[in-house]
Amino acid sequence: MYECENDSGEEIALMEDVLKASVADPRGERLIDELTAQDLSALSVSDLGERIERLRGEIARCEAALDKRQGATAAAEALFKS
């Protein structure tokens, strides 16, 4: 888990857990809900910036996985239509 020496270490640790959670993991949805419900007013500018960068990375990872699955689905559909 990501270690942080600032006051928001607990929130960063939770975010790390969310990023590791699988969609099939029953905790995944709950962790995302907890992450999106957090009070951001206690975070510093630096903490907010780091949080945004980590979430952007996770979005890119999800988009890559989605593209890969859509490509596989399209290939399978093409195979069965021919």
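The values are calculated or read from the model by the stated rules, or taken from the named source; none is laboratory data. Note that the coordinates shown come from a computational prediction; the quantities given were computed from them, not determined experimentally. When we count neighbours, we look across all protein chains shown, and the Cβ atoms used for this are built from the backbone with ideal geometry, even at glycine. Accessible surface is based on the protein model in full, side chains and every heavy atom, while ligands, DNA and RNA are left aside. Shrake-Rupley method; radii C 1.70, N 1.55, O 1.52, S 1.80 Å.
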For the range 48-82 the number of residues that are hydrophobic (A, V, I, L, M, F, W, C) and in contact with a helix residue (DSSP H, G or I) (Cβ under 9 Å, 6 or more places away or on another chain) is 2
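Tell me, which helices (runs of 4 or more DSSP H) lie completely within the chain with 2 or more residues that are at pLDDT 95 or above and open to solvent by less than 100 Å² (accessible area, probe 1.4 Å)?
Working: elements: 9-20, 26-37, 45-81.
Fully inside the chain and qualifying: 45-81.
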